[in-house]
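The values are calculated or read from the model by the stated rules, or taken from the named source; none is laboratory data. This is a predicted model, so every value here is computed, not measured. All Cβ positions, glycine included, derive from the backbone under ideal geometry; neighbour counts span all protein chains shown.
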Amino acid sequence: MFDNLRADIREARKVNVTSGWADQHIKVFTQPGTIAVINYRYRRWARGVRVPIMGHVFRAIGLFVGYFVPAFTGVDISPEANIGSGFVVHTAHGVLVGAVTMGKNCLVQFGVALTYGSGKIGDNVYFGPGSKVIGRANIGNNVVVVANSLVLTDVPDNTTVLGVPARIKLPRGSNDGGRSITAHRMVASENSS
């Protein structure tokens, strides 16, 4: 839990706040997206505690807090989700992450819905504002899902998808001018400033 949480905070410091000391050490922990991710990591960890009484206490705390965090932050992340390290909710409000399997270094914007029936999501995936993944759609590594896109089918690695329903529009890699998920993260952090 703590290794994943450290990676989440490290990525949130890159994307959600400026480089000032107060932002890097204080403001990052008060961001609604960070609070929601911390809540998710705790609840996921508490589900795995097998010490008889302590496990029940930890799960009860997670259950109690888990009812208030989505109302406060606008982000609902299921403790049944299996999310890799470096997960960032850039802009909270209207975010739903169901029981999905997601790789490392993924970023979601506001209004994103990864429904309970979604397939596997790879590493370094960027979900633009309002994007949705519905059905058993699997998403590969290094994918950008553009704002307001609706993903209904599998998405291969190194692509950009957009539209309703989402279509592959740009193979990622050498043909995209060298952009990467890092470039999208930089744009997102500039927009938040």
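Okay, here's what the table says:
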read-out	value
In the range 18-71, residue surrounded by the most Cβ atoms within 10 Å (Cβ to Cβ) [restricted to those that are aromatic (Phe, Trp, Tyr) and within 14 Å of Val89 (Cα to Cα)]	Tyr40
Close pairs (8 angstrom Cβ cut-off, 6 or more residues apart or separate chains): under 13 Å from Asn105 (Cβ atoms) in the range 1-15, surrounded by fewer than 18 Cβ atoms within 10 Å (Cβ to Cβ) and at pLDDT below 90 anywhere	Lys14/Ser189; Val15/Ser189; Val15/Ser192
Residue, farthest from the chain's Cα centre (by Cα), within the range 41-60, restricted to residues that are among the hydrophobic types (A, V, I, L, M, F, W, C) and part of a helix (DSSP H, G or I)	Ile53
Pair list, Cβ under 8 Å, 6 or more apart: the range 61-88 residue part of a helix (DSSP H, G or I), other residue small (Gly, Ala, Ser)	Ile61/Ala46; Gly62/Ala46; Val69/Ala36; Pro70/Ala36; Thr73/Gly33; Thr73/Ala36; Thr73/Ala92
Residue that is out of contact with any Lys or Arg (no Cβ under 7 Å at 6 or more places or on another chain) and either at negative phi or surrounded by 16 or more Cβ atoms within 10 Å (Cβ to Cβ) (or both), where the choices are Thr91, Thr101	Thr91
